[in-house]
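Below: the structure, in structure tokens.
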Amino acid sequence: MNPFPLEPDRTAMSDMGDLVLRRVIDRTERLPSRPATNPLSAEETADLTASLLAPPPAKGGDLETLLARLDEAADCALESAGPGHLAYIPGSGMFTAALAEFYNRAVNRYGGQSAVAPGFAALEESVIRWIAREVCGLPDGSGGLLTSGGSLAAFSATVAARHDRLGEDLATGTVYTTALTHHSVAKAARLAGIRGAHIRLVPHTRELRMDHDAAAAMIRADRAAGLRPFLLVGSAGTTDTGTIDPLPHLADLARRADLWLHLDAAYGGFFRLTARGRERLAGLEQADSITLDPHKGLFMPFGTGALVVRDPATLRAAHDGTGAYLQDVGPTGSIPDSGQLGAELTHEIRGVRAWLPLHLHGVDAFRDALDEKLDLARHVHAVLSRIPELEVPHRPDLTTVVFRVRPSDGSRAAAERADEASRRLMDRINAHRRIALSSTVIDGRYTLRVCIVSHRTHLDRITEALDIISAETTGVTSDAGGD
Ligand SMILES: *Cc1c(COP(=O)(O)O)cnc(C)c1O
């Protein structure tokens, strides 16, 4: 018997590692045949989650039994890692990133101060500089930090903008964005101490892009009324439709009106790796700060976000802080302390899980995968547009295609009947469990989304998805009653 069970010996580590690895490989191999939505009923889900709430025992158990339990828990879920996941943006999670993460967690290097683990800090910094300079086109000297996701990136960007432009007097600080921007932007502003009434929603055009002339007029009026406009937030790919705001116009406006420009590229940012994405996202490089989510466009595991900024000194000025207990671990040359650029101190070195796959597969592999998603979305748009019962109101800038049942006429009542029919249509599509779609509200109408971001989604699954959607749509009219 090992007297120190928390420190397994070599044989035990190897046996346990084999068990885990085999299960993960089995699960990964099974992904194409796994149900795309939670296969358990609401009652079964409630029973399972209730049993999983049990506290840990005093005496330890058996790994195989516990792994079986983990599998049961993992199966009770939307299969966000599988090829049929077309519902929400994030989530495929690459195997090689998981391997990197296992290594990372096992060596457990400290991520708050670069002098504690300069090697891993440099690996992380290489990923950040690549994102800032190669992907986003920010100049030399740009940098940033990896965060848990887009929400915390937006938070730190807002705090940096606020500190840079308002100092300590927040009362009249005013932010400009649209109703189509991700809700994390307004949340970040509120968390950063901006009054709710000073988070202005700029109107958008019929193509769902920010009306930059309206933004300019609002900024002028607010300034004349004694407010202090300081931050303009645009979307480089909205969550609902992947629509890109007119970035060069926003950059121009921010420069003329002297506002900080933050661009939310949590979804769209990595499409800059492709030729089409680079063209559609022109202007991104003019931002002061940019959110990206490697756990979306780089297929990383959840918990991998990024904030890149033109001038890292602005981040440091807003987040700086230290204690006497850290006096032995000052900064390492040109590699910044992430603990002084963001809200967190102790955290894992997130860059490792991106560094290994980027170097192992090469950037072209990611570029090709994203190009494939753009092709698939174009194909989905073309096929759905030919189905007479459907309305496909927006051509995709990125990889989200939205559609809904076409109303029988232009009346409000017909629109409501069509919304009901769209709702039933989504239930019937998802009931096949081969794909998972989600819905949203666009132009006041219930609208379904096909969102293609997983590295595991290829033409075969998209063809199947289109067959299912076509079959379930045939004969649907918004005037039909229930099923
Ligand atoms: C996902 C998303 C966010 C939020 O990012 P999290 O990583 O979920 O915190 C912000 N903006 C856009 C456009 C997104 O798609």
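A few remarks follow.
- Magnitude of the charge dipole, region 103-361, Cβ model with Lys/Arg +1 and Asp/Glu -1, debye to 20: 420
- Simple spin-label estimate for residue 21 and residue 441 gives 5.1 nm between the two label positions (7 Å along the Cα-to-Cβ direction from each Cα).
- Computed over the chain: relative contact order in percent, which uses C-alpha pairs under 8 Å that are six or more apart: 21
- Taking all protein chains into account, the per residue accessible area for region 103-361 stands at 39 Å² (1.4 Å probe).
- Computed helical MRE - 222 nm, the chain, DSSP H runs ≥ 4 contributing -39500 (n - 2.57), nearest 500: -13500 deg cm²/dmol
- Where 140, 245, 320 fall by accessible area, highest first, once all protein chains stay in place (1.4 Å): 140, 320, 245
- Positive-end residue of 421, 441, 462, charge dipole of region 415-483 with Cβ unit charges: 462
- Calculated P(r) tail over 17 Å for region 307-393, as whole % of Cα pairs: 70
- Working value for region 103-361: equivalent-ellipsoid semi-axes of 31, 22, 14 Å, each the square root of 5 times a Cα gyration tensor eigenvalue, largest first.
- Here the ratio of the Cα radius of gyration of region 234-319 to 2.2 N^0.38 Å is 1.09.
- Taking one quarter of the surface of the C-alpha convex hull of the chain gives a mean projected area of 26.4 nm².
- Comparing Cα centroids, region 115-147 and region 389-431 end up 42 angstrom apart.
- The residues neighbouring residue 448, those whose beta-carbon lies less than 14 Å from its own, together hold a net charge of -1 under the Lys/Arg +1, Asp/Glu -1 convention.
- Charge dipole (debye, nearest 20) of region 378-466; +1 at Cβ of Lys and Arg, -1 at Cβ of Asp and Glu: 220
- Within region 185-279, the percentage of alpha carbon pairs spaced more than 21 angstrom apart rounds to 34%.
- Expressed as a whole percent, the accessible surface of the chain that belongs to carbon and sulfur atoms is 56, based on a 1.4 Å probe.
- Taking every DSSP beta bridge that has both ends in the chain, the antiparallel portion is near 55%.
- Cα centroid separation - region 60-99 against region 330-355, whole Å: 28
- Here the 3J(HN,Hα) profile of region 44-53, calculated from phi with Karplus coefficients 6.51, -1.76 and 1.60 at θ = phi - 60°, is 5, 5, 4, 5, 5, 5, 4, 5, 6, 7 Hz, Gly and Pro shown as x.
- For region 27-146, the spread of Cα coordinates along the three principal axes comes to 55, 41, 24 Å, biggest extent given first.
- The residues 338, 151, sorted by heavy-atom accessible surface at 1.4 Å with ligands and nucleic acids left out, run 151, 338 from largest to smallest.
- Sorted largest first, the spans of the alpha carbon positions of region 364-480 along the three principal axes are 50, 27, 22 Å.
- Simple Cβ-charge dipole of the chain, Lys/Arg +1 and Asp/Glu -1, about Cα centre, in debye nearest 20: 940
- Ranking 241, 152, 191 by Cα position along the charge dipole of region 103-361, where only Lys, Arg, Asp and Glu carry charges on their C-beta atoms, puts 241 farthest toward the positive end.
- For region 223-352, DSSP calls about 40 percent of its internal beta bridges antiparallel.
The values are calculated or read from the model by the stated rules, or taken from the named source; none is laboratory data. Treat the numbers as computed from the prediction; the structure is a model and nothing was measured. Glycine also receives a Cβ, built like all others from the backbone with ideal geometry; neighbour counts cover every protein chain displayed. Heads up: the accessible areas ignore ligands, DNA and RNA and are worked out on the full protein's heavy atoms, side chains in. Shrake-Rupley method; radii C 1.70, N 1.55, O 1.52, S 1.80 Å.
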